[in-house]
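Comments concern the structure below.
Only the coordinates and a few stated rules stand behind these numbers; no lab work does. Predicted model only: the values in this text are computed from it and were never measured. Neighbour counts run over all protein chains shown; Cβ positions are idealised from the backbone, glycine included.
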Amino acid sequence: MSGAFHDQVVIVTGASGGIGEQIALQLAAQGARLALAARRAEELNRVSRLCVEAGGATIIVPTDVGDAASCQDLVARTVAQYGRVDMLVNNAGLGMWSRAEDVSDLTVFERVMRVNYLGAVYCTLAALPYLRATKGRILCISSLAGRTGVPLRSGYSASKHAMAGFFDSLRIELSGSGVSVTLSDPGFVGTGAQGRNLSATGQPLGHVPIDMAAAMAPAECARQSIAAAAGRKRELVMTARAKIGLWLKLIAPGFVDGMAAKATATGK
Ligand SMILES: NC(=O)c1ccc[n+]([C@@H]2O[C@H](COP(=O)([O-])OP(=O)(O)OC[C@H]3O[C@@H](n4cnc5c(N)ncnc54)[C@H](OP(=O)(O)O)[C@@H]3O)[C@@H](O)[C@H]2O)c1
C-alpha cells in the first residue's frame with residue numbers, strides 16, 4: 001500500500017456507485033482513510049466492505065449533498081473520526097436527458113443544479129477550513145459538458161459550467177494557500193448513469209439512451225482523476241479527441257457543436 005494518499009483523509013461524495021465507488025476503492029488500495037458519502041446507506045456499506053478489503057479505513061456518512069446541513073454534518077463527522085481532511089472529492093452527480101423545450105417538470109433544472117453545483121459548493125465550503133490546515137486537495141468530477149454545450153443535456157451542461165466557473169474562481173482565491181483545485185472533465189463513462197438521468201417528466205429515464213461501447217471504464221476515469229489530483233493539476237481532459245475539441249472550440253465553435261451533437265446521437 002503506497003501512493004500519494006497513504007493515510008490521507010479523503011471525503012468522497014457519490015461513493016455508493018459508479019465513478020465515486022472506483023475512486024474510493026483506488027484510494028483505499030493506497031491506504032487512505034475515507035469518508036464515504038451518498039444517500040443510499042446500504043450501497044455505502046457494500047463499498048465500505050470492499051474498501052476495507054482493499055486496505056483502506058472507512059466511515060460511511062449518509063448524505064444528501066443538495067442539503068447544506070447534511071454537507072456540514074459530513075465534514076463534522078469526518079473530522080470527529082479522523083481529526084483532519086486532506087482531500088474532498090466532489091463526485092456526486094445527477095444528469096438530465098431531454099430537449100430543453102420538451103421538459104414538462106421544470107424542477108429538473110433546479111434538481112440537477114442543486115446536486116451538481118450547490119452540492120459541490122456546500123461540501124467545499126464546509127471542508128475548506130480543514131483543507132487549508134492540511135494544504136489539501138479538492139477534486140471535482142465535472143464533465144466535458146462543463147466546457148461546451150451538449151444537446152439533450154442543457155440543464156446538466158449548465159450545472160457543470162456552474163461547477164467549472166465556481167472552482168476556477170475558487171482556485172484563484174486559494175492561490176498561495178497550498179490548497180489545490182483539480183477539475184476532471186470526463187466524456188462518457190460506462191456507469192449506467194445515463195439511465196438514471198432525469199427525463200422531460202422529471203422521472204429517471206430508465207434506459208441508457210445511447211451505445212456506450214466506446215465509453216471509458218469507470219476505473220480508468222477514477223485512476224486518471226486521482227493521478228491529476230495527486231499532481232495538483234488544475235484540469236484533466238482525458239482523451240486526445242476531447243483535447244482537440246476544446247482547442248477547436250476557440251476557432252471553430254460550430255464544428256465542436258457538431259461533435260457534441262454526434263456524441264449524444266452515437267456515444268462517440
Ligand atoms: N458517467 C458519465 O458518463 C460521466 C461523464 C462525465 C462526468 N460524470 C460525472 O461523474 C460523477 C459520477 O457519475 P457516475 O457516472 O458515477 O454516476 P452514477 O453511477 O449515477 O453515481 C452517482 C453518484 O452520485 C450520488 N448522488 C446522486 N445524488 C446525490 C445526492 N443528492 N446526494 C449525495 N449523493 C448523490 C449517487 O448516490 P446515491 O444515489 O446513493 O445518493 C451515486 O453514488 C457525476 O458528477 C457525473 O456528472 C459522469
**OP:** For Arg33, indicate whether it is within 20 Å of Thr191 (Cβ to Cβ) and either in contact with a Cys (Cβ under 6 Å, 6 or more places away or on another chain) or touching a residue at least 12 places away in the same chain (Cβ under 8 Å) (or both).
**Re:** no
Original post:
Which residue out of Arg153, Arg137 is touching a residue at least 40 places away in the same chain (Cβ under 8 Å), buried (at least 21 other Cβ atoms within 10 Å of the Cβ) and farther than 27 Å from Asp73 by Cβ?
Top reply: Arg153
Subject >> Residue within the stretch 199-211 that is in a helix (DSSP H, G or I), within 20 Å of Thr266 (Cβ to Cβ) and β-branched (Val, Ile, Thr) present >> reply: no
Original post:
When the stretch 218-239 is examined, which residues are found to be assigned to a loop (DSSP other than H, G, I, E, B) and within 11 Å of the ligand (Cβ to nearest atom)?
Top reply: Met238
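Here is a yes/no grid of residues against (1) touching a Lys or Arg at 6+ places or on another chain (Cβ under 7 Å); (2) loosely packed, with under 13 Cβ neighbours inside 10 Å; (3) not hydroxyl-bearing (Ser, Thr, Tyr):
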| site | (1), (2), (3) |
| --- | --- |
| Arg171 | yes, no, yes |
| Leu198 | yes, no, yes |
| Asp211 | no, yes, yes |
| Ile244 | no, no, yes |
**OP:** Scan Ala76, Ala100 and give me the residue that is away from the ligand (no atom under 15 Å from the Cβ) and more than 28 Å from Pro151 (Cα to Cα).
**Re:** Ala76
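Table: residues versus (1) surrounded by 18 or more Cβ atoms within 10 Å (Cβ to Cβ); (2) in contact with a Ser or Thr (Cβ under 8 Å, 6 or more places away or on another chain); (3) in a loop (DSSP other than H, G, I, E, B).
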| site | (1), (2), (3) |
| --- | --- |
| Arg241 | no, no, no |
| Leu250 | no, no, no |
| Ala260 | yes, yes, no |
| Ala263 | yes, no, no |
| Lys268 | no, no, yes |
**OP:** Mind checking which helices (runs of 4 or more DSSP H) fall wholly inside the stretch 49-160 and carry at least 2 residues that are touching a His at 6+ places or on another chain (Cβ under 6 Å)?
**Re:** none
Original post:
How many residues does the stretch 51-70 contain that are more than 9 Å from the ligand (Cβ to nearest atom) and closer than 19 Å to Gln81 by Cβ?
Top reply: 11
**OP:** Please work out if Val75 is touching a helix residue (DSSP H, G or I) at 6+ places or on another chain (Cβ under 6 Å) and β-branched (Val, Ile, Thr).
**Re:** yes
Original post:
With respect to Ala120, is the statement that it is farther than 17 Å from Arg196 by Cβ and away from the ligand (no atom under 14 Å from the Cβ) true?
Top reply: no
